[in-house]
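Below is one structure, written out as structure tokens; the observations come after it.
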Amino acid sequence: MDILSQLSQIEADALRRLAAVERREELDAVRVEFLGRKEGRLTAVLRGMGGLSAEERPLVGKRANEVRERVEAALEARRALVEAAEEARTLEAERLDVTLPGRAPRIGRKHPLSRVLDEVLSIFTGLGFDVFDGPEVETFTYNFAALNYPEDHPAMDEQDSFYLTDDTLLRTHTTAIQVRILQERTPPVRCIYYGRVHRREQVDLRHSHTFHQVDGLLVGEGVTFADLKGTLDAFFKELFGPTTAMRFRADFFPFTEPSADFSFTCFQCHGSGCRLCSNSGWIEFGGSGMVHPNILRGVGLDPEKYTGWAFGFGVDRVAMFRYGIPYIRLLMENDMRFLTGV
């Protein structure tokens, strides 16, 4: 078979193959077989033109170009048909049956932490407290120094807090907002402030390295510890019910004097002792006390004229108490049951 006959055969074979193609990957296989630069059938024929005479070369070259152009045109035409067919199949597969009945959306609910926080803020605003917030990345001054921490206090050690620089850290308590408020407002001051806090703590049933706190502050003339106890007692009875039992125990905090922690009857064992309450029958919720005179002096207030109290507690523990959640880590593990009501 001479070279012109080979070119005609290549054209016929290519057009026949293309007519049967139904997928894009088959198109690429046909293109490589007939027009590929290395192993294509047309390329192989053209390599033999070196043995042709000077009169034959123009005729063969012209015919080869015609074959290439026709095969390429057939490729593009078939590609358009194949792509249109594939798009039609895709649209058919994804077609929606508009006659089907609609699906009702799943109604979620607030996370227990958000629900508790909303309720806490609602109770305190009802008692006349203003609501404040503050920075989560705090300076060493506001987090420790301005709160009367002594220089050798263990809470300031690097291993106990998440330091970002020598002078900034993730706040370890929302009490850091207290001094900012007293610098901005003149007594009487009655406010509540909240947020997320961070400490390098071992995670167990009741402790986590990241949790949420609420702090309260009242500063004015004639404020006493009895006012603190009465406020907390009224608040927790409103939150947990009129039979809620609370107790105070003497404690120490650098920013209050005198100081006390407050606890409630364990919601799991109801005071008989269990793993959650370390067999004590009580769950400690937070700390409280009278604002230390040094803090008042630091913001330009006369401790002989003004007194005040402050308290703080973990919102996570309140959520555990409120909803019977046995492990604090469940609140931070994206458990969808908290949002769906399951």
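Okay, residues lined up against (1) more than 21 Å from the chain's Cα centre (by Cα); (2) outside any strand (DSSP E or B); (3) not assigned by TED's automatic domain parsing to the domain that holds Ala319:
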position	(1), (2), (3)
Ile181	yes, yes, no
Ile192	yes, no, no
Val203	no, yes, no
Gln213	no, no, no
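Just to be sure, is Gly195 surrounded by 20 or more Cβ atoms within 10 Å (Cβ to Cβ), touching a Cys at 6+ places or on another chain (Cβ under 9 Å) and not charged (D, E, K, R)?
Details: surrounded by 20 or more Cβ atoms within 10 Å (Cβ to Cβ): yes; touching a Cys at 6+ places or on another chain (Cβ under 9 Å): no; not charged (D, E, K, R): yes.
So Gly195 does not fit the description; no.
Matching residues to (1) over 30 Å from Val214 (Cβ atoms); (2) of a type in the set (Val, Ile, Thr); (3) in the same structural domain as Phe321 (by TED's automatic domain parsing); (4) surrounded by 14 or more Cβ atoms within 10 Å (Cβ to Cβ):
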residue	(1), (2), (3), (4)
Ala77	yes, no, no, no
Ala84	yes, no, no, no
Pro101	yes, no, no, no
Ala104	yes, no, no, no
Leu117	no, no, yes, yes
Ser122	no, no, yes, no
Thr125	no, yes, yes, no
Gly128	no, no, yes, no
Gly134	no, no, yes, yes
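For segment 240-251, state whether one or more residues are among the charged types (D, E, K, R) and touching a His at 6+ places or on another chain (Cβ under 8 Å).
Within segment 240-251, none of the residues are among the charged types (D, E, K, R) and touching a His at 6+ places or on another chain (Cβ under 8 Å).
Give me the residue from segment 219-254 that is part of a helix (DSSP H, G or I) and of a type in the set (A, V, I, L, M) and, out of that set, farthest from Glu184 (Cα to Cα). Walk me through it before giving the result.
Initially, segment 219-254 is screened for residues part of a helix (DSSP H, G or I), giving 225-240.
Retained after the next criterion (residues that are of a type in the set (A, V, I, L, M)): 226, 228, 232, 234, 239.
Working: Ala226: 26, Leu228: 23, Leu232: 25, Ala234: 28, Leu239: 30 Å.
Applying the filter and picking the extreme gives Leu239.
Return the residues of segment 303-329 that are surrounded by fewer than 16 Cβ atoms within 10 Å (Cβ to Cβ) and either without any contact (Cβ under 8 Å) to a residue 24 or more places away in the chain or hydroxyl-bearing (Ser, Thr, Tyr) (or both); say none if nothing qualifies.
Listed by number, the residues that qualify are Pro303, Glu304, Tyr323, Tyr327.
For Phe262, all conditions in the list (1) more than 21 Å from Leu117 (Cα to Cα); (2) crowded, with 18+ Cβ neighbours inside 10 Å hold save one; what is the number of the exception?
(1) is the only condition that Phe262 fails.
Run down Glu22, Glu11 and say which single residue is touching a residue at least 24 places away in the same chain (Cβ under 8 Å) and out of contact with any helix residue (DSSP H, G or I) (no Cβ under 6 Å at 6 or more places or on another chain).
Numbers: Glu11 fails: out of contact with any helix residue (DSSP H, G or I) (no Cβ under 6 Å at 6 or more places or on another chain).
Just a single option satisfies the conditions, and that option is Glu22.
Need the failing condition index for Gly281 against (1) of a type in the set (Gly, Ala, Ser); (2) touching a Cys at 6+ places or on another chain (Cβ under 8 Å); (3) under 17 Å from Gln178 (Cβ atoms), just the number.
Checking Gly281 against (1) of a type in the set (Gly, Ala, Ser); (2) touching a Cys at 6+ places or on another chain (Cβ under 8 Å); (3) under 17 Å from Gln178 (Cβ atoms), the one that fails is (3).
Looking only at segment 109-136, which residues are among the hydrophobic types (A, V, I, L, M, F, W, C) and closer than 19 Å to Arg317 by Cβ?
First pass over segment 109-136, keeping only residues among the hydrophobic types (A, V, I, L, M, F, W, C): 113, 116-117, 120-121, 123-124, 127, 129, 131-132.
Correct list: Leu113, Val116, Leu117, Val120, Leu121, Ile123, Phe124.
From Arg247, Arg297, Arg275, grab the single residue that is more than 33 Å from the chain's Cα centre (by Cα) and in contact (Cβ under 8 Å) with a residue 12 or more places away in the chain. Break it down stepwise before answering.
Numbers: Arg297 fails: in contact (Cβ under 8 Å) with a residue 12 or more places away in the chain; Arg275 fails: more than 33 Å from the chain's Cα centre (by Cα).
Arg247 is the lone residue from the list that is more than 33 Å from the chain's Cα centre (by Cα) and in contact (Cβ under 8 Å) with a residue 12 or more places away in the chain.
The values are calculated or read from the model by the stated rules, or taken from the named source; none is laboratory data. Because the structure is a prediction, the values reported are computed rather than measured. Heads up, the Cβs are rebuilt from the backbone with ideal geometry, glycines too, and the neighbour counts pull from every protein chain shown.
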